[in-house]
1. Specify the residue that is modelled with the lowest pLDDT; the eligible residues are those in region 1-11 that are of a type outside the set (Lys, Arg) and open to solvent by 80 Å² or more (accessible area, probe 1.4 Å).
2. What number of residues within region 28-59 satisfy the criterion of being in contact (Cβ under 8 Å) with a residue 40 or more places away in the chain and of a type in the set (Asp, Glu)?
3. Can you tell me which condition ASP24 does not meet? The list is (1) under 23 Å from TRP121 (Cα atoms); (2) exposed (fewer than 15 other Cβ atoms within 10 Å of the Cβ); (3) acidic (Asp, Glu), and all the others hold.
4. Tell me which residues, restricted to region 78-101, are open to solvent by 90 Å² or more (accessible area, probe 1.4 Å) and not in a strand (DSSP E or B).
5. Would you check if ASP50 is open to solvent by 70 Å² or more (accessible area, probe 1.4 Å), farther than 25 Å from ALA30 by Cβ, part of a loop (DSSP other than H, G, I, E, B) and of a type outside the set (A, V, I, L, M, F, W, C)?
6. Only residues that are over 16 Å from PRO35 (Cβ atoms), surrounded by 13 or more Cβ atoms within 10 Å (Cβ to Cβ) and of a type in the set (A, V, I, L, M, F, W, C): list them for region 137-157, please.
7. If you check ARG146 against the conditions, is it modelled with pLDDT of 95 or more and assigned to a loop (DSSP other than H, G, I, E, B)?
8. Give all pairs with beta carbons closer than 8 Å in which a residue from region 74-87 that is closer than 19 Å to ALA105 by Cβ and among the acidic types (Asp, Glu) meets a residue that is open to solvent by 30 Å² or more (accessible area, probe 1.4 Å) and not in a loop (DSSP other than H, G, I, E, B); count only pairs at least 6 apart in sequence or on separate chains.
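The values are calculated or read from the model by the stated rules, or taken from the named source; none is laboratory data. Since the structure is predicted, the reported quantities are computational estimates derived from the model, not experimental observations. Glycine also receives a Cβ, built like all others from the backbone with ideal geometry; neighbour counts cover every protein chain displayed. These accessible areas exclude ligands, DNA and RNA; they are computed on the full protein's heavy atoms, side chains included. Shrake-Rupley method; radii C 1.70, N 1.55, O 1.52, S 1.80 Å.
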Amino acid sequence: MKRNARSLWAMDVTSKVPTMPVGDVRRAIAGFPHPDGYDLSVIPLRYRGDKPHLSAWTDFDDKGITIQIPEPFLPFGEIVPYGAKRRPGKGMRFIWLTEGVTFRAPREVLRFLYLHEWMHWYLKERRHTKSQAETACDRFALYNYRKRTVTVDDACEALRRRRN
């Protein structure tokens, strides 16, 4: 296989999730942009209580993205806030714009969280802005995690929230 500077295979990927070996992780995020100079770790999420949840983070000091996959995996739903709309009246009041998402497989969780964390990386490392834009990162992941190929243009589109 041909390797180049933009190749996903140049990114160091590790997985400690027994049901998701490194090859499956690489196939799941093939076609997605990758964070140059950063590594990807996939680890199990041992959730407490009766339902799994989403958990991932980007470590800018150690240059790594960590994604937690619920173990054991059970399908679950999340409410994803993708924007806010100002409410009329006095003061700064907003209504959160949300969408419900059902994650039916670990692969969907991986793809969603990878794109979310990649957007944090993109904002800080490429755009040199604050990386804490949670709704923009959620919007980018929500719009794109089911697509086969995702580009930087898709990230720019997510920064311009679509008006309903």
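1. Within region 1-11, the first condition is being of a type outside the set (Lys, Arg), and the residues that meet it are 1, 4-5, 7-11.
From what's left, open to solvent by 80 Å² or more (accessible area, probe 1.4 Å): 1, 4-5, 9.
Numbers: MET1: 35, ASN4: 38, ALA5: 40, TRP9: 52.
So, considering only residues that are of a type outside the set (Lys, Arg) and open to solvent by 80 Å² or more (accessible area, probe 1.4 Å), the one modelled with the lowest pLDDT is MET1.
2. 1
3. With respect to (1) under 23 Å from TRP121 (Cα atoms); (2) exposed (fewer than 15 other Cβ atoms within 10 Å of the Cβ); (3) acidic (Asp, Glu), ASP24 is out only on (2).
4. Correct list: ARG87, PRO88, LYS90, MET92, ARG93.
5. Answer is yes for this residue.
6. LEU142
7. Values: modelled with pLDDT of 95 or more: yes; assigned to a loop (DSSP other than H, G, I, E, B): yes.
When the stated conditions are applied, ARG146 passes them.
8. Going by the 8 Å Cβ cut-off, the qualifying pairs are GLU78/GLY100.
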